[in-house]
Each structure stands twice: as C-alpha cells, then as structure tokens.
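Take a look at this one; I'll ask things after.
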Amino acid sequence: MRKAVAGTVVGAAAARVAYLLLTRRPPGDEKLWLRTNHRGEAVTLLEGPAFVAGAVPAVTVSPGVPARMRVAAVFAG
C-alpha cells in the first residue's frame, strides 16, 4: 500500500512542478498555449504536458505495473 501511495505522490508532485515551470516560461510563446473557450475566457493548454510529466514517473514507480507497460509509458511520454 505504501508503494502505491508513493507512486501517487511522486506523480502528483512531478505534475505540479512541471505545471509551475511551464507556466513561468512556456515553450515558444505564451500565446501558443492559450485558447479561447466557448465563454470567451482564455484557457491554457499547459495542463497536458504537465499531466504527462506526472504520469510517466507515477507509472514507473507504481507497484504491479508490468515492465512492458512501464517501458511503453516512458516512450509514450
């Protein structure tokens, strides 16, 4: 159980750090990552890369995940 919680914590922390870094200095131009939603509000697309930055380490350290799936997650990320 501790290992499963550790995987979750590692993933959440990695995603949060990635999001903070990406919002401080977005790759390219900030306008590249902004879209306008149906209500006319600006929304960012930086959550996607931040999610991947958290999901990959979470999958690699979580118990019970087959080795092939870990490798696939790393390459997909």
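How far apart, in nm, are two points set 7 Å out from the Cα along the Cα-to-Cβ line at Glu47 and at Ala4?
Label-label distance for Glu47 and Ala4, simple model: 2.6 nm.
Let me ask another. Counting only protein heavy atoms, what percent of the accessible surface of the chain is carbon or sulfur at a 1.4 Å probe?
Carbon-and-sulfur percentage of accessible area, whole number: 66.
Could you run the Karplus curve 6.51 cos²θ - 1.76 cosθ + 1.60 with θ = phi - 60° over segment 17-24 and give me ³J(HN,Hα) per residue in whole Hz, x for Gly and Pro?
Result, ordered by residue: 5, 4, 5, 4, 5, 5, 6, 6 Hz.
Here's a follow-up. In Å², and per residue, what accessible area does the chain have when probed at 1.4 Å with the other protein chains present?
76 Å²
Using helices alone, I'd like the mean residue ellipticity at 222 nm for the chain: each DSSP H run of four-plus residues gives -39500 (n - 2.57), total over residue count, nearest 500.
For the chain, the value works out to -20500 deg cm²/dmol.
The values are calculated or read from the model by the stated rules, or taken from the named source; none is laboratory data. If you're wondering where the values come from, they're calculated on a predicted model, not measured in any experiment. Reconstructed Cβ throughout: ideal geometry from the backbone, glycine too, with neighbour counts over all protein chains shown. Just the protein is used for accessible areas: all its heavy atoms, side chains included, with ligands, DNA and RNA removed. Shrake-Rupley method; radii C 1.70, N 1.55, O 1.52, S 1.80 Å.
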